[in-house]
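For reference, the structure discussed in these notes is given below.
What follows is calculated from the coordinates using simple rules that are stated; it is not laboratory data. These numbers were taken from a predicted model, which means no experiment stands behind them. Neighbour counts are summed over all protein chains in view; Cβ atoms, including those assigned to glycine, are modelled from backbone coordinates with ideal geometry.
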Amino acid sequence: MAEPRTPLSPGMRMLIDFGPLAIFFLVNSYSYPQGLQIQRIIAATVAFMLAMVGAMLLSWWKAKHISPMLWITAALVLPFGALTIYFHDKSFIQIKPTIVYTMFAVILGYGLIAKKPLLQLLLETAYPGLSAKGWRLLTINWTGFFLAMAVLNEAMRHALNWDQWVTFKTWAVIPMTLVFAMLNIPMLLKHGLQLEKPEDTPLPPEG
C-alpha cells in the first residue's frame, strides 16, 4: 500500500519550486570570481541540476509525492543542463525556460480546445472546491502567463548578457510569478475555492 501524501506547507512549496533557481543564482554569483565566464556557467548549471534532483527528493520525503509539473521541469533541466556542460554553450540552459513555458502552454491550450481538465489533472487536489468554470478560467490565465513568459525569456536571453539574464531569471521572474498567483485569488474565491488561506494557492512552475 502506498504511503499517504502529506500536504506541503507554503514555505516548503516555495523552497521546492524556487530553491534550485536561487542556488543557480548564488553559484553563478560567487563561483570562480576571477575565472572565465564559462566556468561560472558550468558551475551554476551543475548546481542547478543537483538542486533540482534535491528538490524532487525533498518533495518525496516531505509529501511522499512529486508533482507532475516538477517531473516535467526536471525532465528538461537535466538534459539541457547536460548539453550546456558538454558543449560549453549557455544557449541550452537559457532556452530551457522557453521550452518549459511553451510546453505547458501547449498542454493547457490543448486541454481548453479538447475540453479536458488537464490543469486539474496536473494540480490534482490543489484547489479544493473550485468549480469547472473556475478551472477553465484559471487554465486560460495560466496558458496566457506561460506564453507571455516564453516570449519574455526569448527577448531577455537575446537582449541581456549572461549575468544580467541570471539576475532577471531570479529577481524578476519569481516576483512576476508571485504577483500572477495573487492576482488570480479573487477569481478563484468567486468560483468556489475552499482554502483557509487563499494566498497558499500553488504557483506556476519556475521554468
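Binning all Cα-Cα separations of region 68-147 at 5 Å, short to long from zero, yields these whole-percent fractions: 3, 15, 22, 20, 15, 10, 8, 5, 2, 1. Take the Cα of I99, step 7 Å toward its Cβ, do the same at I113, and the gap between the two points is 2.2 nm. Once the Kirkwood radius over Cα pairs is known for the chain, the Stokes-Einstein relation at 37 °C and 0.692 mPa s delivers a diffusion coefficient of 184 µm²/s. If r is the Cβ-Cβ distance from L78 to A132 and R0 is 35 Å, what FRET efficiency results, to the nearest 0.05? Approximately 0.50, to the nearest 0.05.
Helical runs (DSSP H, four residues minimum) scored at -39500 (n - 2.57) apiece and divided by the length of the chain put the mean residue ellipticity at 222 nm at -25500 deg cm²/dmol. The alpha carbon convex hull volume per residue for region 31-89 rounds to 68 Å³. Each Lys or Arg adds one and each Asp or Glu subtracts one; over the other residues with Cβ under 10 Å from the Cβ of W162, this totals +2.
Once the other residues with Cβ under 10 Å from the Cβ of L21 are scored (Lys, Arg +1; Asp, Glu -1), what is the net sum? Once positives and negatives cancel, what remains is -1.
Considering only A105, A159, A75, give the residue with the highest GNM mean-square fluctuation for the chain, with springs between Cα atoms whenever their separation is below 10 Å. Most flexible of the set in this elastic network: A159.
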